[in-house]
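Let me begin by presenting the structure, written as structure tokens, before commenting on it.
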Amino acid sequence: MTRHQKRLAVPNSWPVERKTDTFTVKAGAGPHGEAGVPLVVLLRDVLGYVDSTKEARYALNNDSVLVNGDAISDEQRPIGMFDILAFPERGEFFRVFPDEGGRLALTPVDEEAAGSRLGKITNKSVVPGGDVQLTLHDGTNVLVDADAEYDTKDSIVVDNESKEVVAHFEYEEGALVTAVAGQHAGRIGEVADIDVTLGSGSNTVFVGDDEDGYETVEEYLVVIDENFTADDADETGDSDE
């Protein structure tokens, strides 16, 4: 199996220039599926902290790069929406957040905010023993008590150290959301109206924001909280493309 990926064929969410070279690094197996960006791409092409894959491997072998609180040794580890990328020795912390157009960008956050990450609940099931398993947008699972009131489309905040849920945001009218895909990706607003579609079609949601608002499908929205974006600084790592 090849370790390379043609740049012209990468997902639109990848923050890479497509016409400078023919190939880039292929993402390995892991969270986020095909939308995940290889860690080395962020270190080399976005942040400019390394010049080559070899340098990236050296940095990772020294446990100097953390993803969601865990030291990562695989330079191809997929990084995606709402992951926390930390460089403790540098005192630098970033949240992966969708930019306009759906392209992933690195948003600087403080150390406290980097201690947890947001996840959208995509599935809920009961496991042996009676506990409830929540599956998040990146494919990871979180166990909660059976009497905990969580629903799909809600969002939770998971502590990176304890892996426990520390906050819960319900998906409902009035909820603060961000669009993560589609033509309105990156826009933040409040859910004004949810139009339920009968059958297998997607529900349509109207979101009010500082502009004229926008309409999108439910799957493109993630519930967030004001505190989630309050410490964000200017985004960095944008492509020159």
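The values are calculated or read from the model by the stated rules, or taken from the named source; none is laboratory data. Worth saying up front: this structure is predicted, and the values here are computed from it rather than measured. Note that each Cβ is placed from the backbone with ideal geometry, even for glycine, and that neighbours are counted across all protein chains shown. Heavy atoms of the whole protein, side chains included, go into the accessibility calculation; ligands, DNA and RNA do not. Shrake-Rupley method; radii C 1.70, N 1.55, O 1.52, S 1.80 Å.
At R0 = 30 Å, how high is the FRET efficiency between Asn203 and Lys163 if r is their beta carbon distance? Nearest 0.05 is fine.
Numbers: r = 31 Å, r/R0 = 1.03.
About 0.45, to the nearest 0.05.
Given the whole protein assembly as supplied and a 1.4 Å probe, what does the accessible area of Phe87 come to in Å², nearest 10?
Phe87 exposes around 10 Å² with every protein chain in place.
Can you pull the accessible area of Val127 for me, 1.4 Å probe, Å² to the nearest 10?
30
Tally Lys/Arg at +1 and Asp/Glu at -1 over every other residue whose Cβ is under 11 Å from the Cβ of Gly130; what's the total?
Working: positive: none; negative: Asp131, Asp145, Asp147.
Neighbourhood net charge equals -3.
Hey, quick one: spin label on Asn62, modelled 7 Å out along Cα-Cβ, who in the range 76-120 has an amide N within reach, i.e. under 20 Å?
76-77, 85-94
Could you check the spin-label model distance between Glu170 and Ser125? Points 7 Å from the Cα along Cα→Cβ, value in nm.
Each label point is offset 7 Å from its Cα along the Cβ direction, giving 2.7 nm.
Run the reach check for Lys124 against aspartates and glutamates, Cα to Cα strictly under 20 Å, same-chain hits fewer than 8 apart removed. What comes back?
Asp138, Asp145, Asp147, Glu149, Asp151, Asp154, Asp159, Glu164, Glu170, Glu172, Glu218, Glu219
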